[in-house]
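Data first, discussion second: the structure below is written as structure tokens.
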Amino acid sequence: MTDQAQIHHGASAPAPAPAPVSIQDALRHAGLEVLLPSDEAYSTRQESYFSKTASRLVPACIIRPRSVLDVSSAIRILSSGEGHRFAIRSGGHAPNAGASNIDGGITLDLGLLNWTRVVISTKSSSNINIEQNGESSASSKDETLVDIGPGDRWANVYANLHQLGLAVAGGREGGVGVGGLILGGGNTYFTASQGFACDNVVAFEVVLAPDGRIVTASADENSDLFWALKGGGNNLGVVTNFRMRAFPGQNNIWGGLTIMPWDIKDSAADALVEFTGRVHEDVDANLMLFYIYQVSNYVLYVRNPEDLCTPLKKLARDKEEPRADQGVNPSQKPHMAKIGIIAVYAHVGAVANAPAYEKLMSLPASHTDVKMTSLADLVAYNKLPLGFYSIWFTATFKNNARIASHAAALHEQLVARITTEIAPDGDFWAMCLFQPLPRICTKPRDNALGLPSEHDALLVQTSVMVRTPEQEALAYPLCRSYLEAVREFAAKPEIDGNLDWEYINYADASQNPLRSYGKANVDRLKAIARKYDPQEVFQKLCMGGFKIGAVDL
């Protein structure tokens, strides 16, 4: 008897170990579409990000699920063994590197989960059950609900619902994806009357790790997860369907813009503060006030009566003047100064020239373009330009005109420095956006956001968009210092205007918006994350975005 036979007691030699299977092969074997860098579709998806800050990251592959079962398979495979690093993409609008894309890992691209479909369900959430075919049970008391896929964009959602005479409280910028906006809270044109977008969700369909289990989170089923998903970002699972309350469509909205000269910036700040303090008198009135620099070769004009009112829609790229044969009436083309003020209005109650806007609309303007339109059209035309490296920061202040005026003055200095030191050709964007956030918008609701509810507030987003990564590296500290300077001014004892809350959908990666939710909410989010993600897949493998496990209070 040989030594080998003695060792195995006559058994045959073990079969050789199977050859290692690549993660791409495993995903394909599960039926998933896998895009490699050599594929044309890979390049197309990479180029479709809002910001080059995200698209410059190069994932090893992109996977494109077509159903919740595909997502379940993907999460199970990505969580297996020692795990595989991945990012989750909805619309790809977040500018922070790593938030929706990843270098060398795997991007889970939800872009094909892009449905908008109507279902009927009982007004009581206890009977809501999302089925894989989109059906739900009915009852004697029905209301219209809408299932929306995370990969859809708000322009498409509103356009589809418009055809059915319906609307939802969703995003205000047409290119933003559904998933990211809602999981970050989601400010809407209906916040004063109906809360943030997340407050209008009645059920989430969620894929959990590591086993790919599919669960429903609603007020009566996994209610702790339901609460956490309303502001908790990508810390808990992959949401594959949002069931939202729908209401009769906003086929008539009074909306538009006013372009104002820079020298009335203080008067505009006064009007902003007055508007914010009176939102409770007219909850249908919305306002966004931009202190803005636009690149010189972007021209704002009205091409035809259907081209409405967006301060940020790129209608022309050429530095040449539009010709008459292009269908443009030069007399209708208001050139915007390199730096100026834009007030954007949206009255969802369809009241033209509502009293809420009286002070703003009495100010001198170089151009006014407002009219009756629809929610679908208003959102479709509101899109930020592509092709830039984007830097975003955010802060929240008490409703104080001195803070807004000082922010405008500092913004002018910021633009001057960028022009002198970084982009002497003037080819960049810089804006400081003020949005009213009065107490009627922030009153306590069943969400994780921890909104500042004791004061009427102003939500600020400051943004710089440049053409090259070298310019981005130089502009970033200037943008950060700008916001720090505004905060320093607001901290003066005679002003005392700083608030802690940071909006996660506007925050830079260096900020800590989850921390601003407050200790009680942070502790609760951490406990819920441990319960539904015990192996910390969404903390350690899905590392992009803001991680609740990293928050230290």
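Rule-based calculations on the coordinates, nothing more; no lab input. Keep in mind that this is a model prediction, so the values were computed, not measured. A quick note on method: Cβ atoms are made from the backbone with ideal geometry, for glycine too, and the neighbour counts reach across all protein chains shown.
Looking at the range 138-218, which trypsin sites (Lys or Arg not before Pro) are in a loop (DSSP not H, G, I, E or B) and have at most 16 other Cβ atoms within 10 Å?
On the way: sites: K141, R153, R172, R213; in loops: K141, R172, R213.
Qualifying residues, ordered by number: K141, R213.
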Q: Quick one: of K230/K540; K338/K359; K52/K492; K52/K371; K398/K526, which pairs are farther than 32 Å apart, Cα to Cα?
A: K52/K492; K52/K371
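Using Cα-Cα distances under 8 Å and only pairs 6 or more residues apart, what relative contact order does the range 442-553 have, in percent? Numbers along the way, then the final one.
Working: 72 pairs, mean separation 26.7, N = 112.
With pairs under 8 Å counted, the relative contact order is 24 percent.
Using a/c under 1.5 as the rounded threshold, could you call the range 383-446 rounded, prolate or oblate? The axes a ≥ b ≥ c are square roots of the C-alpha gyration tensor eigenvalues, and prolate needs a/b larger than b/c, oblate otherwise. Please report the intermediate quantities before stating the final value.
Details: a/c = 3.71, a/b = 1.75, b/c = 2.12.
Here the range 383-446 falls in the oblate category.
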Q) In whole Å, how far is the Cα centre of the range 490-553 from that of the range 427-485? A) 16
Q) Separation between the T420 and E143 pseudo-spin-labels, each 7 Å from Cα along Cα→Cβ, expressed in nm? A) 5.6
Q) Counting Lys and Arg as +1 and Asp and Glu as -1, what is the net charge of the other residues whose Cβ lies under 11 Å from the Cβ of D508? A) 0
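For the range 330-444, what value does the Rg/Rh ratio take when both radii are computed over Cα atoms and Rh is the Kirkwood radius, given to two decimals? Intermediate values should be presented prior to the final figure.
Working: Rg = 16.8 Å, Rh = 17.4 Å.
On the Cα set of the range 330-444, Rg over Rh gives 0.97.
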Q) For the range 357-455, which GluC sites (Glu not before Pro) are both in a DSSP coil and crowded by at most 10 other Cβ atoms within 10 Å? A) E454
Q: Let me know the Rg and Dmax you get for the range 453-553 when you use only its Cα atoms, in Å.
A: 16.6, 49
Q | R0 of 45 Å, Cβ-Cβ distance A473-A219: FRET efficiency to nearest 0.05 | A | 0.45
**Q.** Sites E40 and L69 - FRET efficiency at Förster radius 22 Å, r taken between beta-carbons, to 0.05
**A.** 0.25
Q. With a sphere of radius 10 Å drawn around the Cβ of K230, what net charge do the other residues whose Cβ falls strictly inside it have (Lys, Arg +1; Asp, Glu -1)?
A. -1
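When every alpha-carbon pair in the range 463-520 is counted, what percent end up more than 20 Å apart?
Values: 661 of 1653 pairs.
Counting pairs separated by more than 20 Å, the tail of P(r) holds 40 percent.
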Q: Please report, in debye to the nearest 20, how large the charge dipole of the range 341-416 is about its Cα centre when each Lys and Arg carries +1 at its beta carbon and each Asp and Glu carries -1 there.
A: 180
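Please give the FRET efficiency for K492 paired with S48, using the beta carbon to beta carbon distance and R0 = 60 Å, rounded to the nearest 0.05.
Values: r = 44 Å, r/R0 = 0.74.
With a Förster radius of 60 Å, E is 0.85.
In a shell of Cβ-Cβ distance under 15 Å around A473, excluding A473 itself, what net charge do Lys and Arg (+1) and Asp and Glu (-1) give?
Numbers: positive: K52, R56, R417, R467, R480; negative: E421, E470, E472, D508.
Net charge around A473: +1.
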(Q) Run the numbers for S193 and A509: contour at 0.36 nm per residue of separation, minus the present Cα-Cα distance, in nm. (A) 110.7 nm
Q | Packing-based order for 181-194, 103-116, 27-40, using average beta carbon neighbours within 10 Å, highest first | A | 181-194, 103-116, 27-40
Q. What spacing in nm lies between the two simple spin-label points modelled at L363 and V351, each 7 Å away from Cα in the Cβ direction?
A. 2.1
(Q) Modelling each spin label as a point 7 Å along the Cα-to-Cβ direction, I'd like the A550/S22 distance in nm, to one decimal. (A) 3.0
Q: Take D103, project a point 7 Å from its Cα along the Cβ direction, then tell me which residues of the range 499-542 have their backbone nitrogen under 18 Å from it.
A: 509-510, 541-542
